[in-house]
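> Below: one structure in structure tokens.
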Amino acid sequence: MPPKTRRSTPSGLSWDEAPLAPVVLVRGAEGVLSDRAVARVVEQAREADAGTEVTRLDAAAYDLGRLEMLASPSLFGEARCIVINGVESCTDALIDDTITYLRAPADDVTLVLQHNGGVRGKRLLDAVTKAGHPVVACEPVKRDAEKAAFVAAEFTRARRQIDQDAIQALVQALGSDLRELAAACTQLVADTTGRIGADVVEQYHGGRVEATGFKVADAAIAGHAGQAVTLLRHAVETGANPVVLVAALAVKLRTMAKVEAMSGRGGAGGLGLAPWQVDQARRELAGWGPEGLARAITAVAAADAEVKGLSRDPVFAVERAVLRIVASRGRR
């Protein structure tokens with residue numbers, strides 16, 4: 001087996017560092033990354049031995065002694081790769097059998113444990129970690145900066161170039177679902193040639209971009225009341241949840257407030273934002289002052305409470321917040 005790859009984060013390896021090893025633990029709730037990590041280990045096993053037999057087990061339906069039977073020396077001596085999915089829902093038998101197996105893993109077997117989060121199976125996870133086996137961390141990608149980095153990495157791996165504003169457009173249109181975001185990257189790589197700009201993303205995903213809360217927020221922050229309300233109504237008609245729309249307004253305004261607060265302190269470093277987010281916020285701050293930002297943030301906070309139960313008409317609550325944001329622009 002190859003030597004264990006170095007850890008890239010305190011919590012474990014990234015999905016694209018998942019190594020071929022006697023035992024590999026893939027843990028975390030970000031499904032697309034977890035599936036990729038498992039697929040990478042299986043692919044490496046088959047590259048090492050084309051005759052590798054791959055067996056997949058459901059941890060929730062595991063029967064006592066199954067692992068020992070599958071890992072026992074084969075009559076024909078072929079290598080084996082055993083993937084156990086859903087360890088977060090495992091039976092007690094799986095925990096006991098796997099902990100026993102960890103004491104002496106088979107030389108010609110690769111065991112992959114896929115745990116999608118939660119406390120079930122903690123004793124097993126601790127045993128794998130204590131034994132020094134590689135752990136691949138696939139935690140949820142939540143921040144826009146992380147999603148932008150994910151998109152950039154997708155195109156780097158595909159040896160394609162993409163503009164920063166195109167990355168931003170993809171994240172705004174599809175960033176709520178990493179699997180969908182990854183699929184969009186694959187589609188753009190397959191269907192286009194040359195450098196990918198925002199116009200290409202608009203061509204493929206323009207409808208989604210127009211329907212997001214971020215487009216509504218962009219128009220409101222720029223002071224375009226009519227456009228903001230039109231986009232808002234279109235978003236609602238195409239299925240956007242008022243709660244999500246308010247959240248988008250809040251994210252945009254909080255980002256602007258953070259950048260504005262740091263403007264006199266030597267830059268916006270340490271805010272946890274991608275450079276394009278900082279640059280965009282600085283452009284959007286033109287025409288805004290601290291009083292206006294405070295009023296807009298207060299309006300969004302009120303709308304947040306209303307769409308979560310305090311108002312009988314959540315859509316009207318969002319529309320009122322949008323108009324208050326527009327009216328707050330220019331207040332110093």
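> Compute the Cα gyration tensor for the stretch 114-182, then decide on rounded, prolate or oblate, letting a ≥ b ≥ c be the square roots of its eigenvalues: rounded whenever a/c is under 1.5, prolate when a/b is larger than b/c in the other cases, and oblate in all that remain.
Because a/c hits 1.5 or more and a/b exceeds b/c, the stretch 114-182 counts as prolate.
> Which peptide among 286-297, 130-141, 107-118 comes first, and what is the full order, when sorted by highest mean count of other Cβ atoms within 10 Å?
For the peptides 286-297, 130-141, 107-118, the packing ranking is 107-118, 130-141, 286-297.
> Less than 19 Å apart at the alpha-carbon level, and either on another chain or at least 8 residues along: which lysines does that give for LYS122?
Hits, sequence-local ones excluded: LYS130.
> At a 1.4 Å probe, what is the % contribution of carbon and sulfur to the accessible area of the chain?
It is 52 percent, rounded to a whole number.
> Quick check on the stretch 290-332: take the gyration tensor over C-alpha atoms, sort the square-rooted eigenvalues as a ≥ b ≥ c, and tell me if it's rounded (a/c under 1.5), prolate or oblate.
Note, shape of the stretch 290-332 comes out oblate.
> If each of GLN187 and LYS130 carries a label point 7 Å out from its Cα toward its Cβ, how far apart are those two points in nm?
4.8
> Leaving out ligands and nucleic acids, note down the accessible area per residue over the stretch 25-79 with a 1.4 angstrom probe, in whole Å².
Roughly 56 Å² per residue, with all protein chains present.
> Using a cut-off of 19 Å between alpha-carbon atoms, which lysines can reach LYS147, once sequence neighbours fewer than 8 places away in the same chain are excluded?
LYS215, LYS252
> Additional query: For VAL83, enumerate residues with amide H under 5 Å from its amide H, sequence gap 5+ or separate chain, H modeled in the peptide plane.
For VAL83, whose amide H was placed from the backbone, the distant partners under 5 Å are THR55, ARG56, LEU57, VAL112.
> Here is a follow-up. Percent of Cα-Cα pairs more than 31 Å apart in the chain, please.
More than 31 Å apart: 47 percent of the Cα pairs in the chain.
> Could I get the Rg over Rh figure for the stretch 51-105? Both from C-alpha atoms, Rh via Kirkwood, rounded to two places.
On the Cα set of the stretch 51-105, Rg over Rh gives 0.97.
> Another question about this same structure. Among rounded, prolate and oblate, which fits the stretch 17-160 when a ≥ b ≥ c are the square roots of the eigenvalues of its C-alpha gyration tensor, a/c under 1.5 means rounded, and a/b larger than b/c means prolate?
Oblate is the answer for the stretch 17-160, as a/c is 1.5 or above yet b/c matches or exceeds a/b.
> Report, in deg cm²/dmol and to the nearest 500, the calculated mean residue ellipticity at 222 nm for the chain, where each DSSP H run with n ≥ 4 adds -39500 (n - 2.57) and the sum is divided by the residue count.
That calculation yields -17000 deg cm²/dmol at 222 nm.
> Counting alpha carbon pairs within less than 8 Å and at least 6 residues apart, what relative contact order, in whole percent, applies to the chain?
15
> Between 0 and 90 degrees, rounded to the nearest ten: what's the tilt of helix 225-237 against the longest Cα principal axis of the chain?
Its long axis makes an angle of about 40 degrees.
The values are calculated or read from the model by the stated rules, or taken from the named source; none is laboratory data. Keep in mind it's a predicted model, so treat the numbers as computed, not measured. Every residue, glycine as well, gets a Cβ built from its backbone with ideal geometry; the counts of neighbours run over all protein chains shown. Keep in mind that these areas ignore ligands, DNA and RNA; they rest on the heavy atoms of the full protein, side chains included. Shrake-Rupley method; radii C 1.70, N 1.55, O 1.52, S 1.80 Å.
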